[in-house]
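Just below is one structure, and these are the notes that go with it.
The values are calculated or read from the model by the stated rules, or taken from the named source; none is laboratory data. In this text, all values refer to a predicted model and were calculated from it rather than measured experimentally. So basically every Cβ, Gly included, is an ideal-geometry build from the backbone, and we count neighbours across all protein chains shown.
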Amino acid sequence: MIRLVLFSLLSAFCFGQNQNYPKDYFQSPLNIPLYASGSFGELRGNHFHSGLDLKTNQREGLPVFAAADGFVSRIKISEGGYGKAIYITHPNGYTSVYAHLKRFEGAIGDYIRRKQYAQKSYEVELFPMAGELKVTKGETIALSGNSGSSGGPHLHFEIRDSKTEEIINPMYFGFDILMPDSKTPIINELVVYAIGDSSVVNKTQRPIPVGLSLQHDGSYLAEKISAKGNIAFAVNTYDQSDKNYNWNGIHKAETFLNGSKLYGYEFDRFAFDETRYVNNFIDYHRYKTLRQTVQRLFFKKKYPFSLISKNLKDGQIRVLPNQTFNYRIEISDFHGNKRMINVPIQYSDALPTSTNKLVTTPYFVKAKNDNSYTKDNISVFIPENAFYDDFYLNFEVKDNVLYLHDETVPVHKNITVTFDVSNMTGLNKEKAFISRKDGAKKEFFTTYKKDNLFSARTKDLGEFFIAIDTIAPKIYRPNFTEGDNLDEKDSISIHISDDFSGIKEYNAYLNGKWILMDYDYKTKRLVHFFSDAVFDDKKNELKVVVSDKMGNSTIFETHFFKTKT
């Protein structure tokens, strides 16, 4: 009996923080079985995934429902990011978010269209008053789509704390019941690290994969680790659910040393300003060099990320003479399906056959301090905590090109690159900007100009230089021929593109009146729907004006016929 009571108390202590979320307040935003193509907290490029990506049967146009009563508190339409998104604030203190939509429905759609025409802009951010756009639970608010930075048709769904704006795992609100999962997480790879100059693991100081053998009970047994000094581990893992074969993220990871809790984290909630910490949460160098995403089960230096802040230890193991350890990793999904890895560890004083060779430079970055470097006509300012760790920076200038380390080191905060262009003869300053070589492409940076000083802020390292763009955007491939009768069409479309600095602005006019055109940067297509009722009876003159970020413009003009009914 005493054991049972103790277990109950421990369970309440460990899991009580997640028991207060209402389980039956929110309904599904879709009327089809729910399968996730992306899970909460999933590791993405430069961010943790902030919601559930719900499949929409590989198509657009499914009705999207308000998950509960409330009012529309925010609407944002952007070319990238969430694309077309609605935010609904609910009286219970939470806000639900619906993103990558195709179209808004009813009064919401009418409201947005009026605002877009008033602002003469496709991209808008709106904050309706609390009683302006009320919605009821189950009301159709939009149709699902593929807008913004979506990689395919789906609905991105979030639940946030309305007061703190922290994102919360929707599974805590009963969505786990709608998404059954009896599958155990999968382990792709285990990696071991020697931490510090005097540490050695399996006769090396370099990170190496650890062999795993699957046991009859479904757990993994790792090959024996022989080490001295501090060592630590990282794991490449994913999860699947019933009738769903997407490689989704896990929910929880915990480690134990000789049966005692050592380290762990659970993807329950986090703040948006924490999301870039994903680059320190994973082995970023391995990700960039080998394209493998392994999540660390340790940290070298504590950093202010709430998901790991509850750990009293750093997750590292100190291996000393005459010691052996049993290290256990437990990887769990939200439904409690668990995969274990047992790792035997023993002391060994064997010398390393391969070592980490430290390459030094004259430029040593202390991460907690501001750092500033100048050479020839180029300078770099690095604010405190722009990097996670101290390191030797490669900083070189040659022929007006800045070589700033490489992409294997993550940048957390913007650093500032400044070029003094006074010695660049014949430079067209009006069309010039700071660019970075990104593989075979050249990346545009918004450049701040003051006399002969050009500055840009960046969270990337690499090769920077001054570039010039004098080439105007392209307007091409309308969905009709000049002079066509479009009585059978419900819209007109045309494609736009720019090969360098990128599209800054686009405007279209029918008979001199500004018209709304939806823009999808993935397909490079502008679309105007005749349901806006802006066209004239019979002949209509269309004019499209597109400008890039350096002020180069292109004008396209044509006409068509359409009868008003």
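For the stretch 316-352, filtered to residues that are among the hydroxyl-bearing types (Ser, Thr, Tyr) and not in a loop (DSSP other than H, G, I, E, B), the residue that is nearest to Ala253 (Cα to Cα) is Ser332.
Only one of the listed residues (Asp438, Asp499) is touching a Pro at 6+ places or on another chain (Cβ under 9 Å) and either in the same structural domain as Pro383 (by TED's automatic domain parsing) or within 18 Å of Phe556 (Cα to Cα) (or both). That residue is Asp499.
Checked against the criterion of being in contact with a His (Cβ under 8 Å, 6 or more places away or on another chain), in the same structural domain as Asp376 (by TED's automatic domain parsing), at pLDDT 95 or above and part of a loop (DSSP other than H, G, I, E, B), the stretch 455-474 has at least one qualifying residue.
Would a scan of the stretch 56-69 turn up a residue that is under 17 Å from Glu158 (Cα atoms) and hydroxyl-bearing (Ser, Thr, Tyr)? The answer is yes, given that some residue of the stretch 56-69 is under 17 Å from Glu158 (Cα atoms) and hydroxyl-bearing (Ser, Thr, Tyr). Quick one: which residue in Lys366, Lys357, Lys313 is basic (Lys, Arg), more than 30 Å from Gly249 (Cα to Cα) and modelled with pLDDT of 95 or more? Of Lys366, Lys357, Lys313, the one residue that is basic (Lys, Arg), more than 30 Å from Gly249 (Cα to Cα) and modelled with pLDDT of 95 or more is Lys366. Applying the criterion of being in a loop (DSSP other than H, G, I, E, B) and without any contact (Cβ under 8 Å) to a residue 24 or more places away in the chain to the residues of the stretch 107-140, the residue that is nearest to Gly61 (Cα to Cα) is Ser121. Counting residues in the stretch 386-401 that are in contact (Cβ under 8 Å) with a residue 60 or more places away in the chain, out of contact with any Cys (no Cβ under 8 Å at 6 or more places or on another chain), closer than 30 Å to Ser422 by Cα and not assigned by TED's automatic domain parsing to the domain that holds Gln295 gives one or more. Here's a check for you: in the stretch 194-235, which residue that is of a type in the set (S, T, N, Q) and under 17 Å from Ala350 (Cβ atoms) is modelled with the lowest pLDDT? The extreme case among them is Ser198. Leu312 meets each of the listed conditions (1) in contact (Cβ under 8 Å) with a residue 24 or more places away in the chain; (2) surrounded by fewer than 17 Cβ atoms within 10 Å (Cβ to Cβ) apart from (1). When Tyr448, Tyr476 are screened for being more than 30 Å from the chain's Cα centre (by Cα) and on the phi < 0 side of the Ramachandran plot, only Tyr476 passes. Looking across the stretch 355-381, the residues that are within 17 Å of Glu463 (Cβ to Cβ) and outside any loop (DSSP other than H, G, I, E, B) come down to Tyr373, Lys375, Ile378, Ser379, Val380.
Note on the stretch 285-309: among residues that are in contact (Cβ under 8 Å) with a residue 40 or more places away in the chain and among the polar types (S, T, N, Q), the one that is farthest from Ala367 (Cα to Cα) is Gln292. For the stretch 378-386, the criterion of a residue being at positive phi and surrounded by 14 or more Cβ atoms within 10 Å (Cβ to Cβ) is satisfied by at least one position.
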